[in-house]
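All of the numbers you see were taken from the coordinates with simple rules; none came from a lab. Source: prediction; values computed, not measured. In this analysis, Cβ positions are derived from the backbone assuming ideal geometry, glycine residues included, and neighbour counts consider all displayed protein chains.
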Amino acid sequence: MHELGVTEGVLKVVLRHAEVSNADRVVSISLKVGELHDIIEEWMQRYFDYVSRGTIAEGAKIIIHQSPATVMCEDCGKAFPINIRKMDKILCPYCSGIKVNLASGRELIIEEIEVI
Amino acid sequence: MDTIRLIDIKEEILSDNQDLADDIRGLLLKEKVFMLNLMASPGAGKTSLLIKTIRQLKNDFQIGVIEGDIESLVDSEKIMAEKVPTVQLRTGGACHLDAPMINTALEQIDLKNLDLLFIENIGNLVCPAEFDTGATCKVMILSVPEGDDKVLKYPLMFSVCDALVINKTDCLPYFDFNIDLLKERLQKLNPDIKVFEVSSKTGEGLDSWCKWLETEIKAYNEKLV
């Protein structure tokens, strides 16, 4: 259900940019969503259809690009992807280090919009 | 024919919430109020831990509570019985608290006479993780009956918190809860997180949790000088 709050955030930012560029209508909205967020495209679209009613973004298609979770090895500094749902044994494939930090997977960004 | 134009945005979706949260943090720093956002599933023991913590710390700090856990007044009545100022947010069916809601609550609180302000967030491990409330510190509770695999199911929550309180450790003999495995998984996601093993019921572990909190508050206040 948190998609509703996120969707309201999307609408606000999109309308601001669309108005600045004198758009008549927003056709699509591309989002970059880190794997750690439980954000489902279908729900985003449903909530967006609801909150955007009567605005120039009504009917816009939400496109989500999921960005994978990656960690950075503290020993060698190289990044590699991890399976966030199964984290029992994480070994750096480059140096076998076991100390890692989350490098990506928490993004929640509006990348671009298509307007007419 | 209308041509489609592409507009490059690259902007955080929750930037409005984030900006307000940063403003709140600035205000709290100025007023020397340490705000702790407490998050957990329903029934993990948020209210019990709060009450036990308030009892241990209330001689040293002026404490207040923002109570957001759904509509009923059950929790805020329990907290008010501890004689600390409490603001009940009417959140209806909301699944999380965000910066605008906390901002509204702060208007009803006398920050001048406060050192420590707890937010009891809505019982949920998904949504509250997404929204910065402006808190100085984020803490989550995981209770033993919930299981040690929750870090795999709710990675965002575990990744954003400064501390994890494993509550209801008095139940450990009855559950297959592997604390070492949990810590190992947590280490990968959030190596800096502090972990406390607590039983609000027996009082075990409360001292080290309260001690840590006390140290954090003192460090925060020293940052101001």
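Going by C-beta contacts inside 10 Å, put A:Ser21, B:Ser199, A:Ser28, B:Ser143 in order with the fewest on the left.
So the ranking, lowest neighbour count to highest, is A:Ser21, A:Ser28, B:Ser199, B:Ser143.
Could you please rank A:Ser96, A:Ser52, placing first whichever residue has the fewest other Cβ atoms within 10 Å of its Cβ?
The order, fewest Cβ neighbours first, is A:Ser96, A:Ser52.
With the convex hull built on the Cα atoms of chain A, state its orientation-averaged projected area in nm².
8.3 nm²
Output the Cα-based Rg and Dmax of segment B:10-73 in Å, rounding Rg to one decimal and Dmax to a whole number.
Reported Rg and Dmax, both Å: 15.1, 48.
Using +1 at the C-beta of Lys and Arg and -1 at the C-beta of Asp and Glu, which of B:Leu172, B:Phe158, B:Leu142 has the Cα lying farthest in the positive direction of the dipole of segment B:142-225?
Among B:Leu172, B:Phe158, B:Leu142, the one farthest towards the positive end of the dipole of segment B:142-225 is B:Phe158.
At q = 0.08 Å⁻¹, what is the log10 ratio I(q)/I(0) for the protein assembly as shown, with the Debye formula run over Cα points and no solvent?
Debye output, listed in q order: -0.43.
For the residue pair B:Asp180 and B:Glu204, what label-to-label distance in nm results when each label sits 7 Å from Cα along the Cα-to-beta-carbon direction?
1.8 nm
Using the crude model of +1 on Lys and Arg Cβ and -1 on Asp and Glu Cβ, and no other charge, please compute the dipole size for segment B:25-217 relative to its Cα centre, in debye to 20.
Dipole size: approximately 180 debye.
Taking the Cα centre as origin and putting +1 on Lys and Arg beta-carbons and -1 on Asp and Glu beta-carbons, what dipole magnitude results for segment A:29-81, to the nearest 20 debye?
For segment A:29-81, the charge dipole is close to 240 debye.
Within a 10 angstrom radius of the beta carbon, how do B:Cys137, B:Cys127 rank from fewest other beta carbons to most?
Final ranking by Cβ density, sparse to dense: B:Cys137, B:Cys127.
May I ask which residue of B:Leu6, B:Thr133, B:Thr86 lies farthest towards the positive end of the charge dipole of the protein assembly as shown, with charges of +1 (Lys, Arg) and -1 (Asp, Glu) on Cβ and the Cα centre as origin?
Of the options given, the answer is B:Thr86.
Just the isolated ones, please: cysteines in the protein assembly as shown lacking another cysteine beta carbon under 4.7 angstrom.
B:Cys137, B:Cys161, B:Cys171, B:Cys210
For segment B:76-138 and segment B:156-225, what is the separation of their C-alpha centers, rounded to whole Å?
First find each Cα centre; the distance between them is then 20 Å.
Mean projection of the alpha-carbon convex hull of segment B:57-144 over all orientations, in nm²?
6.3 nm²
Work out, in µm²/s and without decimals, the Stokes-Einstein translational diffusion coefficient of segment B:25-217 at 4 °C, 1.567 mPa s, Rh from Kirkwood over C-alpha pairs.
Rounded, D is 78 µm²/s.
With +1 on each Lys and Arg Cβ and -1 on each Asp and Glu Cβ, how big is the dipole of the protein assembly as shown about its Cα centre, in debye rounded to the nearest 20?
The dipole of the protein assembly as shown has a size of about 640 debye.
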